[in-house]
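What follows is a short report on a single structure.
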Ligand code: COI
């Protein structure tokens with residue numbers, strides 16, 4: 001039986017930010033979605049309520065052992081004033097895969113999609129209209145049982161919050177500088193690398209802090225065992241155009257399976273641009289660079305969209321890619337993807353979903 005979502009409206013509404021000054025993830029809308037999990041009831045009481053702080057016991061397991069997962073997707077405003085989502089089912093499937101890895105009870109994906117649509121519809125006036133802006137949707141689950149034993153929690157909260165956002169990087173869609181990380185590692189095969197869980201991001205902060213002081217936007221992670229094979233950047237998957245062919249690291253259990261990554265691969269195939277998912281080592285990339293064959297590099301992610309990489313620094317050597325400028329493929333992918341997301345062009349893949 002389909003569950004109904006209870007709605008409790010906020011008595012006061014916040015002032016909306018100016019859409020040309022939006023940072024990523026600083027401002028939140030008037031309402032949020034909350035659903036509880038307890039045993040033996042399971043997931044219950046799906047509700048849209050005023051955005052508010054949570055009251056959680058200090059012994060709740062989330063604070064001690066980090067059992068949590070999250071997702072990131074966006075709602076876009078079309079020129080007709082409609083709100084639309086981009087491939088939301090894939091995010092919800094991935095949320096459940098993350099749940100499995102973190103021993104969190106799976107959610108009903110249909111109910112979660114309905115909740116997101118109802119919440120976005122209620123907050124439609126918060127979707128910013130300026131170019132490059134959107135309403136970022138952050139579903140997440142935290143373990144709330146008050147208990148200090150190391151075990152899967154028996155209580156959870158599934159929450160969805162919304163944030164009007166601009167570009168993720170201060171560079172906007174201009175090329176970023178990325179440092180190849182050779183000291184720290186993000187994930188290992190068999191670990192939690194392919195799950196979207198907060199711990200992966202917590203463990204990435206140190207490397208990020210070190211390189212940020214030198215002006216880098218983020219680090220490029222190598223595999224956690226040999227520190228040889230390229231995996232991903234902190235908030236996005238990576239693509240390299242080498243000698244006419246686009247290469248992206250194959251999913252191996254420690255790389256996040258990005259929705260944007262999958263969309264880029266499908267777009268390239270649709271255009272008959274050669275694209276392969278395979279292991280690629282940093283040495284191979286370096287050799288390609290020296291041979292003048294590294295034509296373009298870019299990252300792809302929901303928050304970052306498409307972010308051209310203008311410089312990669314590896315063992316103190318600066319690999320300047322495409323003269324530090326946005327490459328042809330990066331631009332074409334960015335333009336097409338965003339035109340589909342904002343409803344400005346046809347969507348031959350059926351990716352967008354009206355709210
Ligand atoms: C996203 O692209 O939505 C992400 O989850 C990256 C995030 C850590 C900012």
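The values are calculated or read from the model by the stated rules, or taken from the named source; none is laboratory data. All values reported here derive from a predicted model rather than from experimental measurement. Backbone-built Cβ (ideal geometry, glycine too); neighbour counts: all protein chains shown.
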Suppose the filter is in contact with a strand residue (DSSP E or B) (Cβ under 6 Å, 6 or more places away or on another chain), part of a strand (DSSP E or B) and more than 16 Å from the ligand (Cβ to nearest atom); does residue 178 pass it?
no
Please work out if residue 50 is farther than 30 Å from residue 339 by Cβ, touching a strand residue (DSSP E or B) at 6+ places or on another chain (Cβ under 9 Å) and surrounded by fewer than 22 Cβ atoms within 10 Å (Cβ to Cβ).
yes
Using the structure shown, decide if residue 47 is under 19 Å from residue 107 (Cβ atoms) and either in a strand (DSSP E or B) or at pLDDT 95 or above (or both).
yes
Restricting to segment 53-66, what's the tally of residues that are in a strand (DSSP E or B) and surrounded by fewer than 18 Cβ atoms within 10 Å (Cβ to Cβ)?
0
Search result, residues across segment 227-284 that are within 16 Å of the ligand (Cβ to nearest atom), out of contact with any helix residue (DSSP H, G or I) (no Cβ under 9 Å at 6 or more places or on another chain) and part of a helix (DSSP H, G or I)
261
Would you say residue 150 is within 30 Å of residue 317 (Cα to Cα) and assigned to a loop (DSSP other than H, G, I, E, B)?
no
Taking strands (runs of 3 or more DSSP E) that fall entirely within segment 67-142, which contain at least 2 residues that are at positive phi and either in contact with a helix residue (DSSP H, G or I) (Cβ under 9 Å, 6 or more places away or on another chain) or within 16 Å of the ligand (Cβ to nearest atom) (or both)?
none
Suppose we filter 304, 300 for residues that are within 16 Å of the ligand (Cβ to nearest atom), at pLDDT 95 or above and assigned by the TED database to the domain that holds residue 185; which single one remains?
300
So how many residues does segment 44-66 have that are touching a helix residue (DSSP H, G or I) at 6+ places or on another chain (Cβ under 8 Å), away from the ligand (no atom under 16 Å from the Cβ) and either without any contact (Cβ under 8 Å) to a residue 12 or more places away in the chain or closer than 23 Å to residue 199 by Cβ (or both)?
1
